[in-house]
Amino acid sequence: AYRVSAVNGAGIEGGRSSREAVRTLEEAEDRPPPPTDLVAQVVSSTRIDLTWSHPDPGNVNKYWVYRGSPPQFIAETDDPEYQDTGLTPAVTYEYRVTAVDGNGVESVFSDPASARIPDATPPTIPQNLEAAPVSTSRIDLSWSASSDPESGIAEYRVYRGGDLVGTSGNSSFRDTGLTPGTPYEYRVSAVNGDGLESARSAPASAQTLDATPPTIPQGLVAEAVSTQQVNLVWNPSSDPESGIAGYLVYRDGAGLVGSAEDTAFQDQGLEPGTVYTYRVSAVNGDGLESDRSAPASARTLDDVDPTPPPAPDDLGAQAVSPSQINLSWTAVQDPESGVSTYRIFRDEEVVGSTSSTSFSDTELQPITTYSYQISAVNGDGFESEKSNEASATTLAAPDSTPPTTPTGLTAQAASQTQINLAWTAADDPESGVASYNVYRGNQLIGSAAGTSFFDTGLEPGSTYMYAVAAVNGEGLEGPRSETATATTFPPSDQIPPSAPTGLRVVDQ
């Protein structure tokens with residue numbers, strides 16, 4: 001005969017159960033045969049149905065159902081079937097069944113049967129999708145990895161313009177066989193180990209490189225304006241795919257002599273009374289150059305004014321952006337033929353010319369020092385000495401790269417209402433890490449200047465999942481860390497448990 005009592009976590013023992021007596025079996029062969037053909041079938045995300053057979057159903061009074069390993073009794077049924085409910089997704093459950101005859105004698109266990117409840121929660125949506133053209137027929141994609149704590153990430157699905165074009169086992173994909181000079185839009189979704197697909201990511205677009213050069217420039221005209229300068233103009237070219245990036249100017253006997261963003265060019269430093277012949281080509285946005293135009297010629301003016309103008313004064317240089325420095329100076333006078341243009345020298349090389357007393361030098365490198373001088377050219381093409389030297393350093397470019405992912409995130413309960421977090425610092429070489437955003441689940445709950453955070457005001461005995469992301473000096477947030485989970489301390493327990501009921505003896 002037996003009684004049972006329960007002891008709680010504080011060591012307090014409850015009352016004893018009712019008395020239950022049983023007589024041991026005389027021989028093992030006195031037991032009924034076990035059930036056979038046990039089948040476990042998943043019906044929903046919380047339910048598994050069991051069915052089985054018995055070789056001698058007439059001698060069976062009831063069946064006992066066990067779950068787990070070692071087996072734990074969960075139910076009694078009169079029929080050879082049972083519905084197990086309230087189960088957890090993404091968990092595998094193992095079952096066994098015994099038969100009990102009219103004398104209360106239980107059989108040995110049936111053979112086991114298992115079933116896995118599929119994952120009911122889709123993975124997180126892929127983030128930071130980027131598309132980069134690589135060639136005329138290929139675009140490369142990359143994105144930040146998704147997560148799925150239950151069944152993991154099995155693959156990613158890549159959609160182009162709404163159509164599935166491929167899958168990937170990692171966070172990158174190469175889309176090939178595309179049409180040159182064509183824009184494409186992409187989205188990516190994640191699929192977990194049970195085949196559940198996330199929502200699609202935000203779109204990313206890219207255009208394949210242009211395979212067709214621009215049209216040839218037409219209508220080239222060359223006009224001598226001084227003893228040392230010829231001005232060129234022409235009609236614009238076209239390129240429907242990637243547009244016109246600029247023009248290249250060629251002079252017979254000298255090859256490439258310069259480039260222009262628009263349809264005009266001033267060729268300077270020439271010899272008086274000399275014939276020069278020119279051709280122009282166009283370059284598109286992907287760097288393809290057209291054939292050269294029909295030639296155009298001009299003869300520089302004969303030498304008239306033998307006196308060059310004086311050198312310009314008061315040259316000043318000021319950086320206004322990461323790629324631009326503005327120059328200004330005092331106007332120069334030339335009583336004989338006047339000043340037609342000023343030549344701009346950057347580090348001893350001519351980089352442009354202007355008829356005004358200011359000039360903007362563009363397409364420079366960030367945080368780089370450049371030195372300038374200018375000279376004046378009069379109406380007959382004579383050039384002055386160079387001006388004083390002026391220098392400036394371009395500004396720093398803004399940081400467009402997010403910081404790295406924090407690593408080593410840990411979560412530890414400190415009380416019934418507080419969990420402490422700690423992690424290893426992220427890195428950002430350009431603008432540094434300014435702070436860390438802390439997420440509980442997918443909700444932003446705070447930020448930290450250092451590599452720790454205390455989450456307070458929580459519920460006792462509750463489990464919370466966390467992730468952190470670094471934010472750089474430009475406000476860009478990096479990828480989130482791997483998740484960490486912790487459970488707050490349980491509430492204080494001073495009440496003993498109730499007495500067990502339904503005591504029975506199972507002889508194996």
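The values are calculated or read from the model by the stated rules, or taken from the named source; none is laboratory data. Small disclaimer: the values here were computed from a predicted structure and weren't measured. Glycine gets a Cβ as well: all are built from the backbone with ideal geometry, and neighbour counts include every protein chain shown. Areas reflect the complete protein model, heavy atoms only, side chains present, ligands, DNA and RNA absent. Shrake-Rupley method; radii C 1.70, N 1.55, O 1.52, S 1.80 Å.
Quick notes on this structure:
- Only listed residue being of a type outside the set (Phe, Trp, Tyr), under 20 Å from PHE173 (Cα atoms) and either open to solvent by less than 50 Å² (accessible area, probe 1.4 Å) or under 18 Å from the mean Cα position of the chain (by Cα) (or both), chosen from ALA222, ALA206: ALA206
- For first residues located in region 285-304 and farther than 30 Å from GLY381 by Cβ, partners that are open to solvent by 50 Å² or more (accessible area, probe 1.4 Å) and lie 6+ apart or on another chain with Cβ distances below 7 Å form the pairs GLY285/ALA245; ASP286/LEU209; LEU288/PRO213; GLU289/PRO213; SER290/PRO213; SER290/THR215; SER290/ILE216; ASP291/ILE216.
- Being touching a strand residue (DSSP E or B) at 6+ places or on another chain (Cβ under 8 Å), open to solvent by 70 Å² or more (accessible area, probe 1.4 Å), within 30 Å of PRO133 (Cβ to Cβ) and not aromatic (Phe, Trp, Tyr) is a condition met by no residue of region 317-327.
- Any hit, region 91-100, residues being assigned to a strand (DSSP E or B), open to solvent by 70 Å² or more (accessible area, probe 1.4 Å) and modelled with pLDDT of 90 or more: yes
- Among the residues making up region 421-433, none is outside any loop (DSSP other than H, G, I, E, B) and over 20 Å from GLY408 (Cβ atoms).
- Residues located in region 391-420, provided they are farther than 30 Å from THR463 by Cα and assigned to a loop (DSSP other than H, G, I, E, B): THR394, LEU395, ALA396, ALA397, PRO398, ASP399, SER400, THR401, PRO402
- Flag not set for VAL351, criterion: open to solvent by 60 Å² or more (accessible area, probe 1.4 Å) and out of contact with any His (no Cβ under 7 Å at 6 or more places or on another chain).
- Condition check for ASP267: more than 30 Å from GLU130 (Cβ to Cβ) and either without any contact (Cβ under 8 Å) to a residue 12 or more places away in the chain or not aromatic (Phe, Trp, Tyr) (or both): yes
- Residue match in region 211-227 (condition: at pLDDT below 90 and among the aliphatic types (A, V, I, L, M)): yes
- When residues of region 441-475 are limited to those that are of a type in the set (Val, Ile, Thr) and not in a loop (DSSP other than H, G, I, E, B), the one surrounded by the fewest Cβ atoms within 10 Å (Cβ to Cβ): THR463
- Check on PRO366, surrounded by 15 or more Cβ atoms within 10 Å (Cβ to Cβ) and either in a loop (DSSP other than H, G, I, E, B) or acidic (Asp, Glu) (or both): no
- When ALA115, ALA132 are checked against the criterion of being touching a residue at least 40 places away in the same chain (Cβ under 8 Å), in contact with a strand residue (DSSP E or B) (Cβ under 8 Å, 6 or more places away or on another chain), open to solvent by 20 Å² or more (accessible area, probe 1.4 Å) and hydrophobic (A, V, I, L, M, F, W, C), ALA132 stands alone in meeting it.
- Top-ranked residue in region 136-164 [being free of Cβ contacts under 8 Å to residues at least 40 places away in the same chain and farther than 30 Å from THR92 by Cβ; ranked as nearest to the chain's Cα centre (by Cα)]: SER142
- Number of the exception - PRO112 against (1) more than 37 Å from the chain's Cα centre (by Cα); (2) closer than 30 Å to GLU482 by Cβ: (2)
- Subset of region 103-144 (residues that are aliphatic (A, V, I, L, M) and closer than 30 Å to SER45 by Cα): ALA113, ALA115, ILE117, ALA120, ILE125
- Test: SER135 is at pLDDT 95 or above and not aliphatic (A, V, I, L, M): no
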